[in-house]
Amino acid sequence: KEQYYSEQHSSLINKAYQTLLNPLSRGLYLLELSGVEPAQETDCDADSVFLMEIMEINEKLAEAKNEDNLEEIETLIKVKQEELTKEVTAAFERDDLQEAKKLLAKMKYFANLEDKLKAKKIPS
């Protein structure tokens, strides 16, 4: 009976661990707990300066010719993700859920860039 119970809850524990491990998924989960809908891709709240920055990084990624270019882009993405993580943490600490929502939407863009970078580093 205990083994059955453990098997049933093992996947739930793993899912919970993975959710809490990643700052983006953790933040989205905290929004959900607070009853705030996360920003959708169709929401147009992102400022033009931010969107230009994302476009520039996308262009750099598309034009990257060697490992050094990819490492430079990877460092840039990591720095931006760390900055956004700190800002989201501060927003949650002051209970500013709307600001956290906006920052998490920005984090989604950088997570997408990170996925593109990984795909480019490891061609299939």
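Per-structure values
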{"item": "Dipole moment magnitude, nearest 20 debye, the chain about Cα centre, only Lys, Arg, Asp, Glu C-beta charged", "result": "420"}
{"item": "Rounded to 10°, Cα long-axis angle of helix 97-121 versus longest principal axis of the chain", "result": "70"}
{"item": "Eligible lysines near Lys106 by straight Cα distance, threshold 24 Å, same-chain separation 8 or greater", "result": "Lys15, Lys60, Lys78, Lys80, Lys86, Lys116, Lys118, Lys120, Lys121"}
{"item": "Label selected from (1) 94; (2) 153; (3) 107, the criterion being volume of the Cα convex hull per residue in Å³ as computed here", "result": "(2)"}
{"item": "Relative packing of 28-40, 102-114, which averages over residues the other C-beta atoms within 10 Å, highest first", "result": "102-114, 28-40"}
{"item": "Ordering of 92-99, 80-87 by packing [mean C-beta count within 10 Å, highest first]", "result": "80-87, 92-99"}
{"item": "Furthest towards positive pole of dipole, Leu61, Leu20, Pro38, structure part the range 1-121, Cβ charges", "result": "Leu20"}
{"item": "Convex hull projection area averaged over all views, the range 71-124, Cα basis, nm²", "result": "3.6"}
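Readers should treat all values here as calculations from the given coordinates under stated rules, not as data from a laboratory. This structure is a prediction, so every number in the text was calculated from the model and none was measured. Here Cβ is always computed from backbone atoms with ideal geometry, including for glycine, and neighbour counts include all displayed protein chains.
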